[in-house]
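Novice: The following block contains the structure, expressed as structure tokens.
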Amino acid sequence: MAKLASIGVFLTLSCLLASTFSVDARKQGLVVEELTEFPHSFGKQSIVNFRVFVQDLGVNHPNTTTYDVAQASISNTSKTGFGKVRVIDDLVTAGPEGDSEALGRLQGLLTRADLNTLAIAVNLNFYFSAGPYAGSTLSILGRNEIGLAERELVVAGGTGVFRFARGYAIQKTNSTGTNISVLDYNIYTTYSGTLSEM
């Protein structure tokens, strides 16, 4: 009984503290500060075009960089694999060959999101660890209809020199082999600063 009473007192005190904090938060209100520029900005934005290649090692590759992590109740019977979610961590290179200069990784989620056409909703981040964009990321989103020769995706932002980035990427399949696909990304995007500052 004493234990139940202690729990009741604890719960009552917790509720009182929570309500006190929420009242204090309401009293303070939203703090808004008007700025003339973003902090930590590199300055004026410019436009750049560059091309990179992604070494996509399939789920059956011995060194796979692609894993299925979830699926819907209909994924196995759907003609498009609807609802299947895959996570990737693919090598990004300067050329189509697997041993060309490594520039970073392409990491993110691929979701089969069309009931009738083989199309993937992509949520991807280029993480650059070498080259002129080392330390920066670039976020790519959109609908990737695999059957098309060229797929246009959105550049939705980034970090480092790609803060506030906007633009688009054209993805093509450069080549396919046993459990490996090489993807070609031709990217047009804004960036902050100059290449000499990177």
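The values are calculated or read from the model by the stated rules, or taken from the named source; none is laboratory data. None of these values were measured; they are calculated from a predicted model. Cβ: placed from backbone, ideal geometry, glycine included. Neighbour counts: every protein chain shown. These area figures cover heavy atoms from the full protein model, side chains too; ligands, DNA and RNA do not enter into them. Shrake-Rupley method; radii C 1.70, N 1.55, O 1.52, S 1.80 Å.
Novice: For the stretch 65-81, name all the residues that are open to solvent by less than 40 Å² (accessible area, probe 1.4 Å) and within 20 Å of Ile180 (Cβ to Cβ).
Specialist: Filtering the stretch 65-81 for residues open to solvent by less than 40 Å² (accessible area, probe 1.4 Å) gives 65-66, 72, 75, 78, 80-81.
Correct list: Thr65, Thr66, Gly81.
Novice: Also: Inside the stretch 152-167, can you point out the residues that are open to solvent by less than 40 Å² (accessible area, probe 1.4 Å), among the hydrophobic types (A, V, I, L, M, F, W, C) and part of a strand (DSSP E or B)?
Specialist: The answer is Leu153, Val155.
Novice: Separate question: Of the numbered conditions (1) surrounded by 15 or more Cβ atoms within 10 Å (Cβ to Cβ); (2) out of contact with any strand residue (DSSP E or B) (no Cβ under 6 Å at 6 or more places or on another chain); (3) within 18 Å of Gln55 (Cα to Cα), Tyr133 fails exactly one; give the number of that condition.
Specialist: Looking at each condition in turn, Tyr133 falls short on (3).
Novice: If you don't mind, there's one more thing I want to ask. Restricting to the stretch 71-92, and then to whatever is part of a strand (DSSP E or B) and not hydrophobic (A, V, I, L, M, F, W, C), can you tell me which residue is farthest from Arg51 (Cα to Cα)?
Specialist: So the residue we want is Arg86.
Novice: Continuing with this model, one more query. Considering only the stretch 134-168, state which residues are over 14 Å from the mean Cα position of the chain (by Cα) and among the hydroxyl-bearing types (Ser, Thr, Tyr).
Specialist: Tyr168, the sole residue that qualifies.
Novice: Hey, another quick one. Of these, Lys84, Lys44, which one is touching a residue at least 12 places away in the same chain (Cβ under 8 Å), within 22 Å of Asn116 (Cα to Cα), open to solvent by 50 Å² or more (accessible area, probe 1.4 Å) and not aromatic (Phe, Trp, Tyr)?
Specialist: Of the residues listed, the single one that is touching a residue at least 12 places away in the same chain (Cβ under 8 Å), within 22 Å of Asn116 (Cα to Cα), open to solvent by 50 Å² or more (accessible area, probe 1.4 Å) and not aromatic (Phe, Trp, Tyr) is Lys84.
Novice: Looking only at the stretch 96-118, filter to residues that are in a strand (DSSP E or B) and among the polar types (S, T, N, Q); which one of those is most open to solvent (accessible area, probe 1.4 Å)? It would help to see each step written out before you state the result.
Specialist: Step one: filter the stretch 96-118 for residues in a strand (DSSP E or B), giving 102-112.
Next cut, among the polar types (S, T, N, Q) only: 107, 111.
On the way: Gln107: 71, Thr111: 42 Å².
Looking at the filtered set, the residue picked out is Gln107.
Novice: Moving on. Please give the number of the condition Ile140 fails out of (1) open to solvent by 30 Å² or more (accessible area, probe 1.4 Å); (2) among the β-branched types (Val, Ile, Thr); (3) at pLDDT 95 or above.
Specialist: (1)
Novice: Further question on the same structure: Hey, Ala130 hits all of (1) in a loop (DSSP other than H, G, I, E, B); (2) in contact (Cβ under 8 Å) with a residue 40 or more places away in the chain but one; which does it fall short on?
Specialist: (2)
Novice: Contact list please: Cβ distance under 7 Å, first residue in the stretch 96-107 and more than 19 Å from Leu124 (Cβ to Cβ), second residue of a type outside the set (Ser, Thr, Tyr), pairs at least six apart or on different chains.
Specialist: Gly98/Gln55; Ser100/Ala94; Glu101/Ala94
Novice: For the stretch 168-190, give me each residue that is surrounded by 14 or more Cβ atoms within 10 Å (Cβ to Cβ) and out of contact with any Leu (no Cβ under 9 Å at 6 or more places or on another chain).
Specialist: Once the filter is applied, which keeps residues that are surrounded by 14 or more Cβ atoms within 10 Å (Cβ to Cβ) and out of contact with any Leu (no Cβ under 9 Å at 6 or more places or on another chain), the stretch 168-190 yields Val182, Asp184, Asn186, Tyr188, Thr190.
Novice: Asp90 fails exactly one of the following numbered conditions: (1) of a type outside the set (A, V, I, L, M, F, W, C); (2) under 14 Å from the mean Cα position of the chain (by Cα); (3) open to solvent by 30 Å² or more (accessible area, probe 1.4 Å). What is the number of that condition?
Specialist: The failed condition is (3).
Novice: Residue check, Ala121 against (1) open to solvent by 50 Å² or more (accessible area, probe 1.4 Å); (2) outside any loop (DSSP other than H, G, I, E, B); (3) among the hydrophobic types (A, V, I, L, M, F, W, C), all met but one. Which one?
Specialist: (1)
Novice: Right, another one. Please go through (1) without any contact (Cβ under 8 Å) to a residue 60 or more places away in the chain; (2) surrounded by 17 or more Cβ atoms within 10 Å (Cβ to Cβ) for Ala149 and return the number of the only condition it doesn't satisfy.
Specialist: It fails just one condition, (2).
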